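S.K.: The structure that follows is given in the form of structure tokens.
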Amino acid sequence: MSRPQALFRTLGAVALALCLLPAAPALAGEKLVVYSARIEALVKPMFDAYTKETGVEIQAVTDKEGALVERLKAEGANTPADLLITTDAGNLWQAAQEGVLRPIDSPALAAAVPANLRDPDQQWFGLTVRARTLFFNTQMVKAGELSTYEDLAQPAWRGKLCLRSSKKVYNQSLVAMLISEHGEAKAEEIVRGWVANLAAEPFADDTRMLEAVAAGQCAVGIANTYYYGRLMEKKPDLPLGIFWANQSTGGVHINVTGAGLTRHGKQPAAAQKLLEWLASPQAQNLFADVNFESPVNPATAPSAAVQAWGSFKASPLNVVEAGRLQAKAVRLMDRAGYR
Amino acid sequence: MPAIADAGLGGTAPLALTGANSGERQRLFWRAVVLLIAALVVAPLIVLLTRIGDADASLIEHLLEHVLPRVFGHTLLLTTLVAGATAALGAGLAWLISRYRFPGRDVFSWALLLPLALPAYVLAFVAVGLLDFAGPLQTALRALFGPDLRLPPVRSVGGAALVLSLSFYPYVYLLCRSAFDSQGQRAMEAARSLGLSRRQAFWRVALPMSRPWLAAGLLLVVMETLADFGTVSVFNVDTFTTAIYKSWFGLFSLGTAAQLASLLLLIGFVLAMTEHRLRGRAGYWSTGRSVAAPGEPIDGARRWLATAACLGVLLLAFLLPLAQLVVWATSGWTGVDVVSLRAAGRTLLLGLAAAGLVVATALLLAYARRESPGRLTEMAARLATLGYAIPGAVLAVGVFVALTLADRVLPALTGVDWRVGGTLVAILLAYVARFLAVGFGPVEAGMARIGRSLDDAARVLGAGSRRRLLRIHLPLLTPSLFTAAALVLVDVMKEMPITLMTRPFGWDTLAVRIFELTSEGQWEAAALPSLALVATGLLPLSLLNRQAETTPIRRSTPPT
């Protein structure tokens, strides 16, 4: 039996050796802990810049939004976390409902973040804008044939529509905003129209959905713009066009990546400084541009790549509605058979 | 008489002193061990059950009307398909390898285990990427046969069942191999001399004699299918698990999610009890060493059929997906980075620590059951292995809440300020709660093969229960323990939700990196950590194979 034992010993030694590879040197100074539902690659550049500028070290733990909120609830007063970041307003609203966030009075944030992109109770603030709009196969459809989200429910689009799964919060937010604008009955009618028009079962993610549109499985779909940006960066020749929806009506549906201070964080002042810095012009470009998003701060212009898609009118509704109406939206989509 | 009791437990007392009293004490001691282990594992489950109180009645009504009927249908269909396919693949391949000689047989013998190193969620995104409408295969077919070509949808229950079956069949294969090998030549010779054909011998002797192994393998497969979220979500197939996630993440009701999860627990418990019944009805212990049946050569062209069958499974389950991963990884290759290497190191270290802990716990549990049989220990042992049947993310919440509760209560009780939450202890305990079933199976099966006469002989010679464990069972069980450790190691390294929720700061494993990239739809970028995970998993697999090949071969005979 010496070989298995030797193998396990070797495995252990290899593991230890790999773990001992030099990590980034730990700083002795101030330290903040961030729970982030935005993946590490899309938050680390900002944190590194902040550390460089202020000397404050930032530790990020990533997980799904729901798990992070449960984690904050369970930890209660013992939580090591100072800041919670999510990639949508609905989950921030839910975190506030669960009482794990702390309202803050910050003139800097009030100035940097438009009123419809932050919590009316000041418990969380949008940091980047993510638009969810229409994308079409340029060989099958002309831009002139497209108009609104609502129009995609018309029989003219039968067998031509692709959607992502209703289980993704971005679609739950979109439908929540439809409820907010049109009321529940009308919104359900629209969603039923979408389902009737589907060319394929809903997709697991936006990238796969966009690829299906480009491949001609369907003519049009709804996705967040940054997926389009990432895809076109890699495959610029895809016959895929972007169309800003609802420009003559309510405007493009937008959501935010946002953050709030945790209720029981031990360093509210330092956490607030970080939050204010993230909303400031110097960080806004970094934050938005790393992922083809738009800055929330009106003083900051979007990146050239994002500007190339043209300017658009965004929905003026407060993104808090996405949270307030999310559960309703999910039930509505269940009833309408949107999987 | 404390002196005698101590002596009894220590196992050093002369024969005359180890009376009925010390035997009784030993039984109590082992019963306490079982209960303690069960309590550790069951605590998170109980925490979850307490959340059921928060369940929303109107929500349940909604789910019953619009979600659950469809979801039940899918889950039932998926589980049946996967169980059927893994039974056929696993037992069939094991039979081929174990009984016949054909070209490539010695390579396939171990290569058929390789899919264990490839997580089902990785196989899922590779399969969808390759086979869906926009993927290279259908694009090429459309170029050949015209743009209107439509194939049956890939993202369907059937597609998910195919991926899960290709991922999980090695569990059945591994266990059936050891069953067929250990039946030895004589059972087959007896069957053939009684006039059964080869095929009849398989159906009427070999397969029935392997029932406990087949059932143990299928139990793992079914539990893992029921708890799977990663694969079905890539296919956007709604199952019971996705309904649980929807209740929690979409409808913000963890209570309802817990209520649905408790139903899965119940199913898992019933399945585990059924499997145990199947196993328990007859005795399957060995009566001594025997020779493995040497493989029979297959004649003529039919031997290439056997080769093709093995190669086909291996291509679909491992080689083709691996090739796609390599293509993706090299297209975005930026060189080896230190962060990935560290992640690989942590993955391996966590896996090894968890494997050690799980196997030690499984050994204690199995031995305690043997030393102190009875309905209570039986029930506790079944409960302790339930963590495998519920979705990892839901169990993760239970574990996390239980740990934070302990962190609040224990310092107050003991007066010492210590915390488990956020430490390695936390994540390791969570792994034990999840994977005890995986480690317990092989250990229990191994222990069942140790004849009672050995215990009796040692007892008569004055060895106490602990001494018997260390001097008799441990050495005899070593192969089973390594099999268990290797299985747990491979599983822990692939684990995602519990690792995400309970890992200490900075302990980002390869699975965490894959989660981050796939959650953003970046499958191509996830190829590199996926390959690293496969490579890391190959090491313990090599061990599993060696165990399968060289486990002291015993013949099983029904008890007289």
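S.K.: Give the long-range amide H neighbours of A:Gly216: residues separated by 5 or more places, or on another chain, with amide H under 5 Å away, using H modelled in the peptide plane at 1.01 Å from N.
M.R.: Long-range HN contacts for A:Gly216: none found.
S.K.: Right, another one. Let me have the 222 nm mean residue ellipticity of the protein assembly as shown computed from DSSP H runs of 4+ only, each contributing -39500 (n - 2.57), with the sum over all residues rounded to the nearest 500. Before the final figure, lay out each step's value.
M.R.: Values: 39 runs with 549 residues, N = 899.
Result for the protein assembly as shown, helices only: -19500 deg cm²/dmol.
S.K.: So if I place +1 on the C-beta of Lys and Arg and -1 on the C-beta of Asp and Glu, and nothing else carries charge, what would the dipole magnitude of chain B be about its Cα centre? I want it in debye, nearest 20. Mind dumping the intermediate values first?
M.R.: Details: 47 positive and 32 negative charges, 438 e Å.
My answer is approximately 2100 debye.
S.K.: Would you list which lysines come within 29 Å of A:Lys44, measuring only between C-alpha atoms, while excluding same-chain residues fewer than 8 positions from it?
M.R.: Within the straight-line limit of under 29 Å, A:Lys44 reaches these lysines: A:Lys31, A:Lys52, A:Lys64, A:Lys73, A:Lys167, A:Lys168, A:Lys234, A:Lys235, A:Lys266, A:Lys273, B:Lys494.
S.K.: Using the Cβ atoms and a cut-off under 14 Å, what net charge is assigned to the surroundings of B:Val420, where Lys and Arg are +1 and Asp and Glu are -1?
M.R.: Numbers: positive: B:Arg408, B:Arg419, B:Arg503; negative: A:Glu75, B:Asp407, B:Asp417.
Taking every Cβ under 14 Å from that of B:Val420, the sum is 0.
S.K.: In nanometres, what is the gap between the two model label sites at A:Ala77 and A:Gln154, each 7 Å from Cα along Cα-to-Cβ?
M.R.: 6.1 nm
S.K.: Report the charge-dipole magnitude of the protein assembly as shown in Debye, nearest 20, computed about the Cα centre from +1 at each Lys and Arg Cβ and -1 at each Asp and Glu Cβ. Don't skip to the answer; put the middle values down first.
M.R.: Numbers: 81 positive and 65 negative charges, 754 e Å.
The dipole of the protein assembly as shown has a size of about 3620 debye.
S.K.: Cysteines without a disulfide-compatible partner in the protein assembly as shown, using Cβ under 4.7 Å as the rule?
M.R.: A:Cys19, B:Cys176, B:Cys310
S.K.: Not counting the cut sites, what is the longest span of chain B without chymotrypsin sites (Phe, Trp or Tyr not before Pro) that DSSP labels loop and that have at most 13 other Cβ atoms within 10 Å? Before the final figure, lay out the partial values.
M.R.: Values: sites that count: B:Trp333, B:Trp418, B:Phe505.
The answer is B:1-332.
S.K.: Whole-Hz ³J(HN,Hα) for each residue in the range B:150-155, computed from phi via Karplus 6.51 cos²θ - 1.76 cosθ + 1.60 with θ = phi - 60°, x for glycine and proline: what do you get?
M.R.: My calculation for the range B:150-155 gives 10, 9, x, x, 6, 7 Hz in order.
S.K.: Compute the distance from the alpha-carbon center of the range B:458-531 to that of the range A:63-117, in whole Å.
M.R.: Taking the Cα centre of the range A:63-117 as reference, the centre of the range B:458-531 is 34 Å away.
S.K.: May I pose another question? Relative contact order for the range B:55-327: what percent, with Cα pairs under 8 Å and sequence separation of 6 or more? Show your work: numbers first, answer last.
M.R.: Values: 304 pairs, mean separation 94.7, N = 273.
Rounded, it is 35 percent for the range B:55-327.
S.K.: Estimate the FRET efficiency between A:Asp48 and B:Phe145 by the formula 1/(1 + (r/R0)^6), using the beta-carbon distance for r and 41 Å for R0, to the nearest 0.05. Working shown, then result.
M.R.: Values: r = 51 Å, r/R0 = 1.25.
Efficiency for this residue pair is about 0.20.
S.K.: Also, quick follow-up: Give me the number: length gained by fully extending A:Glu184 to A:Glu233, i.e. 0.36 nm times residue separation minus the C-alpha to C-alpha distance, one decimal in nm.
M.R.: Values: separation 49, 0.36 × 49 = 17.64 nm, distance 3.83 nm.
Residue separation times 0.36 nm, minus the Cα-Cα distance, leaves 13.8 nm.
S.K.: While we're on this one: Once a ≥ b ≥ c are taken as the square roots of the eigenvalues of the Cα gyration tensor of chain A, is the result rounded (a/c under 1.5), prolate (a/b larger than b/c) or oblate (a/b not larger than b/c)?
M.R.: On the way: a/c = 1.76, a/b = 1.40, b/c = 1.26.
Verdict is prolate for chain A.
S.K.: How big is the Cα convex hull of chain B in projection, averaged over all directions, in nm²? Let's see the in-between values first.
M.R.: Numbers: hull surface 122.0 nm².
The orientation-averaged projected area of the Cα hull of chain B comes to 30.5 nm².
S.K.: Next question. Which of the trypsin sites (Lys or Arg not before Pro) found in the range B:68-166 are loop residues per DSSP with 16 or fewer other Cβ atoms within 10 Å of their Cβ?
M.R.: Working: sites: B:Arg70, B:Arg99, B:Arg101, B:Arg105, B:Arg142, B:Arg150, B:Arg155; in loops: B:Arg150, B:Arg155.
Here the trypsin sites (Lys or Arg not before Pro) that fit, given the DSSP loop and packing criteria, are B:Arg150.
S.K.: What's the FRET efficiency of A:Ala143 with B:Val327 using the Cβ-Cβ distance as r and R₀ = 25 Å, to the nearest 0.05?
M.R.: Numbers: r = 34 Å, r/R0 = 1.38.
Rounded to the nearest 0.05, the efficiency is 0.15.
S.K.: Sticking with the crude label model, points 7 Å out along Cα→Cβ, report the distance from B:Arg101 to A:Lys313 in nm, one decimal please.
M.R.: Spacing of the two 7 Å Cα→Cβ label points: 8.2 nm.
S.K.: Another one. According to the square roots a ≥ b ≥ c of the eigenvalues of the Cα gyration tensor, what is the shape class of the range B:55-327, taking rounded for a/c under 1.5, prolate for a/b larger than b/c otherwise, and oblate for the remainder?
M.R.: On the way: a/c = 2.72, a/b = 1.35, b/c = 2.01.
Here the range B:55-327 falls in the oblate category.
S.K.: Once phi is turned into θ = phi - 60°, what whole-Hz ³J(HN,Hα) does the Karplus curve with 6.51, -1.76 and 1.60 give for every residue of the range B:206-211, x standing for Gly and Pro?
M.R.: Per-residue couplings from phi come out as 4, 5, x, 5, 9, 3 Hz.
S.K.: Work out the length of the dipole vector of the range B:40-102 about its Cα centre, built from +1 on the beta-carbon of each Lys and Arg and -1 on the beta-carbon of each Asp and Glu, and round it to the nearest 20 debye. The partial results should precede the final answer.
M.R.: On the way: 4 positive and 4 negative charges, 131 e Å.
Charge dipole of the range B:40-102: 640 debye, to the nearest 20.
S.K.: Here's another thing I want to ask about it. Rounded to the nearest Å, what's the spacing between the alpha carbon centres of the range B:345-384 and the range B:314-334? Just the number, please.
M.R.: Each part's Cα centre sits 36 Å from the other's.
S.K.: Please give the contour-minus-distance gain from B:Val339 to B:Leu413: 0.36 nm per residue of separation, less the Cα-Cα distance, rounded to one decimal in nm. All intermediate terms of the calculation are to be shown ahead of the outcome.
M.R.: On the way: separation 74, 0.36 × 74 = 26.64 nm, distance 4.08 nm.
Extending this stretch completely gives an extra 22.6 nm.
S.K.: Expressed as a whole number of Å, what is the distance separating the alpha-carbon centroids of the range B:18-59 and the range A:290-313?
M.R.: Computed from Cα coordinates, the inter-centre distance equals 57 Å.
S.K.: Considering the options B:His473, B:Val67, B:Leu254, tell which one lies farthest towards the positive end of the dipole of chain B, charges being +1 on Lys and Arg and -1 on Asp and Glu at the Cβ, about the Cα centre.
M.R.: The listed residue farthest towards the positive side: B:His473.
S.K.: Let me ask another. Under 5 Å between amide hydrogens, which residues at least 5 positions from A:Leu240 or on another chain qualify, with H placed 1.01 Å from N in the peptide plane?
M.R.: A:Thr138
S.K.: A further question follows. Set Lys and Arg Cβ to +1 and Asp and Glu Cβ to -1, take the dipole of chain B about its Cα centre, and tell me which of B:Asn236, B:Ala206, B:Gly387 lies farthest positive.
M.R.: B:Ala206
S.K.: OK, next. Using the Karplus curve 6.51 cos²θ - 1.76 cosθ + 1.60 with θ = phi - 60°, what ³J(HN,Hα) values do you get for each residue of the range B:171-180, in whole Hz, with x for Gly and Pro?
M.R.: With coefficients 6.51, -1.76 and 1.60, one gets 4, 5, 4, 4, 6, 5, 4, 5, 5, 5 Hz.
S.K.: Applying 1/(1 + (r/R0)^6) with R0 = 56 Å to the Cβ-Cβ distance of B:Leu315 and A:Ala115, what FRET efficiency is obtained, to the nearest 0.05? Intermediate values should be presented prior to the final figure.
M.R.: Numbers: r = 58 Å, r/R0 = 1.04.
With R0 = 56 Å, the Cβ-Cβ based efficiency is 0.45.
S.K.: So how much slack lies between B:Trp110 and B:Leu40, counting 0.36 nm per residue of separation and subtracting their Cα-Cα distance, in nm? Mind dumping the intermediate values first?
M.R.: On the way: separation 70, 0.36 × 70 = 25.20 nm, distance 3.59 nm.
Result: 21.6 nm gained on full extension.
Every number here is computed from the coordinates shown, using simple stated rules; none is lab data. The model shown is predicted, which means the values in this text are computed figures rather than measured ones. Please note: Cβ atoms are built from the backbone with ideal geometry, for glycine as well, and neighbour counts cover all protein chains shown.
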